[in-house]
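Where a number appears in this text, it was derived from the coordinates with a stated rule and is not lab data. Source: prediction; values computed, not measured. With ideal geometry, Cβ positions are generated from the backbone for all residues, glycine too; neighbour counts draw on all protein chains shown.
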Amino acid sequence: MRLKLRKLLDRALTTCGYLAIGGMALFLLWVLVPVFTKGFGAYVFRGTVEHRRMMVGEFGRGDLDRLRAELAEVLRVRETVYQAVAAFERELDAMPAARRKALKPAFREVREGVSVLLGPEPGAPMPALTRRLYGQTRWEKAREKADDILFEETWVYSDAGSRRVLVPRAPQFEGTALAPVFTSLERDLAAMLRPRITVYPRFLTDRSIDAHFFGGIGPEVLGTLYLSLGALLVAVPLGIVAAVYFQEYAKEGPRVAFLRSCVNTLAGVPSVVFGLFGLAFFINTLHVSPGKSVLAGALTLALLVLPTVIRASEEAIAAVPRAYKEGAMALGAGRFRTVATVILPAALPGILTGIVISMGRAAGETAPIIFTAAVSVGQMVKPSEVLSQPTPALSWNLYNLCTEHEAVDELRHVQFGMAATLVLIVLALNLAAILLRARIARRLKG
Amino acid sequence: MNQNVVMSVVLGISVVSAHAQGKLVMDGSTTVGPIAKAFAETYMRQNPGVNITVSESGSGNGAKALLNGTCDIANLSRHLKESEKKAMSEKGVKPVAHVVAFDALPVIVHPSNRVKGLTVDQIRDIYTGKITNWKEIGGGDQRIVVISRDTNSGTFETFKELVLGNDSKIVASAEYTGSNGGVRQRVQMTKGAIGYAGLGFVDRSVKALEVNGVVPSAESVIAKQYPISRELYMFTNGEPAADSLAAKLLSMSRTEKGREIIEEIGYVPVPGK
């Protein structure tokens, strides 16, 4: 009986473990699959002729002659729309006032919609904002914008609740000069924009154009690398020295116990506190830079990852067999020599793992860099400018694009592209840690 | 054309090394943010080699950054408070206000809401908790979800001054959101919500209400009819030198291109001379 119960309990525990692991895996899938599939859409998508026009216009990339030929054909199809809009504008002026007043707001929306969809009409004055210089560069967005022209969104209110209704605009303009716009948009949208599968790997390295409407996330990726590398540059030497002190030099006692609990507390401090501390200490008190900078951000992040580096290094050092140390001592090596030539090399795989994991942490943190390093718009920072220049960074700009940006809904593909890139960078770092560890461990054994 | 690009690149870099003017830091309001970002991008497009950075951390933080000397231009969607002016004069910072545009604060609701307009008094009653259900003011039977900007923002200060009056307290159940875009998204996703944001942030995903019978628009702001209107500022420490990057950027708001940019974003440019 008791044996049965024990077996049952045992099995229950195993089941719970499997369930927990399975739940975690499901959750990961649930989060990561959409991030990757949608993020992939920033790199590979159905690009329209407007995308190719933008690439030539902004980056000087692409086949100019081919684009010219393509544009000529596209413009021929679009001509119907442009002509109908111009003709209707004249017709509107001649209409009786009541009818003009009824149709004018809808016409304005259609005209605006056409300009958003296809870009400014050839010969029209150039818009001031780059985002208005080109039409829709992505096919799925173009179809959305075409629907905005074809249908008017209205709401039917009732006591039971309101209902969204899409009313076609065409009947309103039946028999006017504007009517061809609707038929030709419905029939020839593809011919007007020529969608084509487009691979855009340089999304990763291109600068952004007009607050991320076009271009890539190069400055953000670069900023993230600067910040996380900079954080390690500061945290690793400090962390390893601290770990060696704790493991090899310090005598256990109240003082060391106190220092240890300091490190543990540092690990538990919320990251936004680090951010505010970084602003108050590094920027406003020490003046390490005139304002926000990569340096100030890296220093703040270094504090954040310091406990991780210390703990990982301590564990690695503690795991070095005693015999190594005794052997070195027996051969007459001093304490420093033992640490430098025997213990640290043997502990290296563990230390490196800690370092790479902290780098992933530093790359993903947002709160510590809001006040110390991150900006929403900025050029790529040159290595010579890191001491004084703030930078965009993936984590912060992802937040900025999702909440603060004036056109959040227009930039979903950039947001997912950033998220996927950030997750991939962190995953790649973790993978590198695993491989590195395995490799060094093998070498040490051999 | 290539020659031109090469020339401007060379020129840009030589300017940087000669006068160290290749860099400008802007911080502050999320309302002024789109203008600042567009100005920065336009300027950098014409002057490669220059790096202008823009942060959007709220008007309050913009004023603090100017006080601490950590930014060259502070974007504020309100004027400086007395306390800020005092702190600045104690630190020897001489704030100079530059009006870059006019803005209105449209009061926005979910498009499914049947209410078309409210009076300023009704809006005050909603935000102070006297009106809690849409059916009290002609809407459906739905609890009102009050969305406000955080108290660090200039948008909040404006709203408080022009709508609430200085002694009124916002209802405790109100949600505070850290940016204009955030307010818009929250309202767009919540059926009973009411919020307010700058003109440049309001699109078709939300419904802007008439206030005292006036539709918020560029026209009603210029005609001074819309009751919740304001000026948008950029502050510098002292008048910037005429050939400085800050002066050039600030003067953009008076150029034709700058005014077009402001208009295309959705704000109201300052009338020409």
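Using equal-weight Cα scatterers in the Debye expression, the normalised intensity of the range B:138-237 in log10 at q = 0.13, 0.15, 0.25 Å⁻¹ is -0.50, -0.67, -1.62.
Under a 5 Å amide H cut-off, with hydrogens placed 1.01 Å from N, A:ILE209 pairs with A:PHE214, A:GLY215, A:GLY216 among residues at least 5 apart or on other chains. Spin-label model, A:GLU186 to A:ALA25: label points 7 Å out along the Cα-to-beta-carbon direction sit 5.0 nm apart. The HN-Hα couplings worked out from phi for the range A:244-258 by the Karplus form 6.51 cos²θ - 1.76 cosθ + 1.60 (θ = phi - 60°) are 4, 4, 4, 7, 10, 9, 5, 8, 4, x, x, 5, 5, 4, 5 Hz, whole numbers, x standing for Gly and Pro. Scoring A:395-407, A:44-56, A:179-191, B:84-96 by mean Cβ neighbours within 10 Å over their residues and listing the highest first yields A:395-407, A:44-56, A:179-191, B:84-96. Shielding value for A:290-296 is 4, the average number of Cβ atoms from other chains within 10 Å of each residue's Cβ. Translational diffusion of the range A:218-445 was estimated from the Stokes-Einstein equation, with Rh taken as the Kirkwood radius over Cα pairs; at 10 °C and 1.306 mPa s the coefficient is 84 µm²/s. The modelled label-to-label distance for the pair A:GLU315/A:VAL269, using points 7 Å beyond Cα in the direction of Cβ, is 2.3 nm. Working note: Karplus 6.51/-1.76/1.60 with θ = phi - 60° gives the range B:44-58 the couplings 5, 5, 7, 10, x, x, 8, 10, 10, 10, 10, 10, 10, 10, x Hz, where Gly and Pro are set to x.
Peptide B:199-210: average number of partner chain Cβ atoms within 10 Å per residue?
Whole-number average of other-chain Cβ neighbours for B:199-210 is 2.
Averaged over the residues of A:272-284, the number of partner chain Cβ atoms lying within 10 Å of the residue Cβ comes to 1. Electrostatic tally near A:VAL339: other residues with Cβ closer than 12 Å to its Cβ, Lys and Arg +1, Asp and Glu -1, net +2.
Put simply, the Cα atoms of chain B extend 66, 48, 33 Å along their principal axes, the longest span coming first. Calculated [222 nm] ellipticity per residue, helices only, for chain B: -10500 deg cm²/dmol; basis is -39500 (n - 2.57) per DSSP H run with n ≥ 4, divided by all residues, nearest 500.
Cross-linked pairs B:LYS116/B:LYS160; A:LYS101/B:LYS135; B:LYS86/B:LYS257; A:LYS104/B:LYS207; A:LYS292/B:LYS91; A:LYS104/A:LYS145: Cα-Cα separations exceed 25 Å for A:LYS101/B:LYS135; B:LYS86/B:LYS257.
Per-residue ellipticity at 222 nm for chain A, helices alone: DSSP H runs ≥ 4 residues times -39500 (n - 2.57), over residue total, nearest 500 deg cm²/dmol? Provide the component values of the computation, followed by the final result.
Working: 16 runs with 285 residues, N = 446.
It lands at -21500 deg cm²/dmol.
Database remark: amide H of B:VAL100 closer than 5 angstrom to the amide H of B:LEU232, B:TYR233, B:MET234 (H placed geometrically; neighbours at sequence offset of 5 or more, or on other chains; Pro and chain starts carry no H). Packing around the peptides A:344-353, B:132-141, B:116-125, B:175-184, taken as the average count of other Cβ atoms within 10 Å per residue, puts them in this order, highest first: B:175-184, A:344-353, B:116-125, B:132-141.
Exposure proxy for A:CYS16, B:CYS71: other Cβ atoms within 10 Å of each Cβ, ordered fewest to most, give A:CYS16, B:CYS71.
Relative to its Kirkwood radius, the Cα radius of gyration of chain A gives an Rg/Rh of 1.14. In whole percents, the pair-distance distribution calculated for the range A:49-198 from its alpha-carbon pairs, binned every 10 Å from zero, is 10, 37, 31, 16, 5, 1.
Sorting B:151-162, B:97-108 by their mean Cβ neighbour count within 10 Å, with the most densely packed peptide first, gives B:97-108, B:151-162. With one equal scatterer per alpha carbon and no solvent term, the Debye-computed log10 I(q)/I(0) for the range A:362-446 at 0.23 1/Å reads -1.12.
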